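Here is the structure we will look at, set down as structure tokens.
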Amino acid sequence: DRKVAFHTRCRPNTFRVACPDPNFVAMYACADCPEGSVSTGEGFCTDCGNTTCVADSGALFANVPWSNATALANGLTHVTKITVTNAAGLTTSALSNGYLWDVTAPSAVEPPKDGLDSSADINWTHNETFLGATWIPFEDTETPMAFYEWAIGTSPGATDILDFTDVGLRTVAYHPWSPMAPTVFNATETPYFVTVRGSNAAGVISDPVTSDGLFLDVTPPVPVYVRDGYAKDIQYQSFVESMFVNWEFYDLESGIRTYEVAIGTAPYQTDVLPFTDVSLSTLYQTKQSYNDVVLDLKEETTYYATIRAFNYAGISSVMSSDGVTVGAAVVDVKPELGGSFMLDAKSSNQAKSDNSTGAARKTTYASVGIPPGALGEEMELTSTAVPNNVYDAYFNGSGTGCCLKYCNEHAELKDQLCGGKECSTVEQGKDCLAHYKAIGKAQGLEPDPTVSCSEYEDPETSPPPENFKFGNYSFAMWPASPSPDGASFK
């Protein structure tokens, strides 16, 4: 008379249904859930739809393979939704904070710059044990940067000096090592290259970018000469308002980047003019339109020009001139040494001559050089700018110079007309001309003072050639000095 009760429990992913056989002892049977649905073995199945259903394992974490990755959109935030269903069919859901789907790599704005100056790339360095680089932050429109890595090699992209090293989010890095091999310009040695790559927060790494390379130069520029004046070196100059200097340096490795000029009262001093950048010029004159440097030079004072040359590796060398004495009217020249000096048209005693102009006096210069051995004996010479009217009156036919030359070529005339000494005055020149006209011409004596002295080839007494004239002035050298009015010469 007792009854037996049956309870049907179904396996997961099946559900209970009424038993179709009335003769079956149990009232329920188990049937499979429809495709795409799951169950816990109770009386219903849950449709998973666009969700991934997992069985209750009691775990707090689940790693479920994603089967629909193409539905993800790059650059958009995706949210995970968890829905829990109990045996009674009741559900509750929760959302994650979300994550950004990013499958694109960061991109470099430009290659890294060699050196630690982010504003300029360097191609040369003199540091044998240190190399640095900077770069602009990489761009990534989806996720922020997580870190950068840099490497150093002897070819683009190589890592034979330093393997890729994490530097965090810094955009500057440096590496000490020793030694680097020196590099010679235009030779076969390879420069050093820096390569940088970056990773974003999604773990995607960029393509590496490489600098244009860095060479090593550990030697300074080599000075050849520093000369006072604008051509050959001078020891004296007659003017005091300006100075000239010219020079030559060379650098076989990185080359010359710039020059600086300074002037002082002793070698390597800068008490008159501090170091002034003149770019790659190898000739400098003070008081020019582009710098307007006016020097307070003192007469009979020696000044020294100093040149400082920088190469592209940042190394400099310095050389000073042997000095020039300014405002010197008379130059003492020793035969075995020779001498050189400069003068300008402004130094002429005939500065107020009708045929002179202010522009000519300011802009016209001459450089005079006397080679060793050119003089037979030591003497003092005066270099001067002679107004052309004075020059022509002195040297052209019947000029004082030609007349004096006529007498000085004949010892008996010097004895007769000039007391046995060199004829040198205007009055003596007149006497010499009168003698030629009265006696010398008939005797065939030379030179003929009525003809321009330039017809005679004697280099010791011939006047300067026509191409030694500049504008309204001729430049000349004379033993001693012209007379105060510039009209005659001793």
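The values are calculated or read from the model by the stated rules, or taken from the named source; none is laboratory data. Remember, it's a predicted structure, so these values are computed and weren't measured experimentally. We place every Cβ from the backbone using ideal geometry, glycine too, and count neighbours over all the protein chains shown. We work out accessible area using only protein heavy atoms, side chains counted, and drop any ligands, DNA or RNA first. Shrake-Rupley method; radii C 1.70, N 1.55, O 1.52, S 1.80 Å.
For the list (1) in a loop (DSSP other than H, G, I, E, B); (2) open to solvent by 60 Å² or more (accessible area, probe 1.4 Å), I need the number of the one condition that residue 84 fails. Single failed check for residue 84: (1). Of the residues 265, 306, 258, the single one that is buried (at least 16 other Cβ atoms within 10 Å of the Cβ) and touching a residue at least 12 places away in the same chain (Cβ under 8 Å) is 306. Taking residue 322 as the residue in question, decide whether it is modelled with pLDDT of 75 or more, open to solvent by 70 Å² or more (accessible area, probe 1.4 Å) and assigned to a loop (DSSP other than H, G, I, E, B). Spelling it out, residue 322 is indeed modelled with pLDDT of 75 or more, open to solvent by 70 Å² or more (accessible area, probe 1.4 Å) and assigned to a loop (DSSP other than H, G, I, E, B).
State whether the residues of segment 42-50 include one that is at pLDDT below 70, closer than 25 Å to residue 99 by Cβ and open to solvent by 70 Å² or more (accessible area, probe 1.4 Å). Looking for residues that are at pLDDT below 70, closer than 25 Å to residue 99 by Cβ and open to solvent by 70 Å² or more (accessible area, probe 1.4 Å), one finds at least one in segment 42-50, hence yes.
Scanning segment 110-145 for residues that are over 26 Å from residue 176 (Cα atoms), open to solvent by 70 Å² or more (accessible area, probe 1.4 Å) and of a type outside the set (S, T, N, Q) turns up 139, 144.
Name the residue, out of 94, 105, 133, 146, that is of a type in the set (Gly, Ala, Ser) and in a loop (DSSP other than H, G, I, E, B). If you could, list the steps in order and put the result at the bottom.
Details: 94 fails: in a loop (DSSP other than H, G, I, E, B); 133 fails: in a loop (DSSP other than H, G, I, E, B); 146 fails: in a loop (DSSP other than H, G, I, E, B).
The match here is 105.
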